[in-house]
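Mind having a look at this structure? Questions to follow.
The values are calculated or read from the model by the stated rules, or taken from the named source; none is laboratory data. Because the structure is a prediction, the values reported are computed rather than measured. Here the Cβ positions follow ideal geometry from the backbone for every residue, glycine too, while neighbour counts run over all protein chains shown.
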Amino acid sequence: MKTQSDSKVRVVALSNLEAMCEYVSGTCHTYEISKVSRSRIHVTYSNPNEYGYSNPMTAVFPCYPNGFEQYNPMVVLEYLNIIHDSWHGEGWQAFETLRDCPQLWRNPNTNQWQTEADITPCH
């Protein structure tokens, strides 16, 4: 028997991923791009405990060249690996907030990354 699968995979530009990391980061839960290579993007998640230790975990996502901008690769938001998984095999859950981030666009008036609803509010 073969496994069946039919899914839509989200692909974003590196610049969008940077904006997404900033959007979902808070006072304690922080996301940042920690490494960019030709075929991989590393995003590090940190949530300090009561002793101030940051407990960093890193998700590795595949990427491929962007045909429009050489230094802005396209990132596939599918996990290749979770490095330093301190959640006993469940560290991927820390990155679901990032993967579920709403689409962000650059506001043409302010040049800030915002959701479509924030850019064009209803009257």
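Any chance segment 58-77 includes a residue that's closer than 27 Å to Asn107 by Cα, at pLDDT below 95, of a type in the set (Gly, Ala, Ser) and over 14 Å from the mean Cα position of the chain (by Cα)?
There is at least one residue in segment 58-77 that is closer than 27 Å to Asn107 by Cα, at pLDDT below 95, of a type in the set (Gly, Ala, Ser) and over 14 Å from the mean Cα position of the chain (by Cα).
For segment 70-123, what are the residues that are of a type outside the set (A, V, I, L, M), out of contact with any Leu (no Cβ under 8 Å at 6 or more places or on another chain) and part of a strand (DSSP E or B)?
Asn81, Trp105, Arg106
Among the numbered criteria (1) in a loop (DSSP other than H, G, I, E, B); (2) at pLDDT 95 or above, which one does Gly52 miss?
(2)
What single numbered condition from (1) surrounded by fewer than 16 Cβ atoms within 10 Å (Cβ to Cβ); (2) touching a His at 6+ places or on another chain (Cβ under 9 Å); (3) modelled with pLDDT of 95 or more fails to hold for Gln93?
(2)
Select, from Ser25, Ser54, Ser37, Ser86, the only residue that is surrounded by 10 or more Cβ atoms within 10 Å (Cβ to Cβ) and touching a Phe, Trp or Tyr at 6+ places or on another chain (Cβ under 8 Å).
Testing whether each residue is surrounded by 10 or more Cβ atoms within 10 Å (Cβ to Cβ) and touching a Phe, Trp or Tyr at 6+ places or on another chain (Cβ under 8 Å) leaves just Ser25.
Quick one: in segment 7-22, which of the residues that are of a type in the set (D, E, K, R) and surrounded by fewer than 16 Cβ atoms within 10 Å (Cβ to Cβ) is nearest to Ala94 (Cα to Cα)?
My answer is Glu22.
Are any residues in segment 14-29 more than 11 Å from the chain's Cα centre (by Cα) and either in contact (Cβ under 8 Å) with a residue 60 or more places away in the chain or part of a strand (DSSP E or B) (or both), and if so, which ones?
His29
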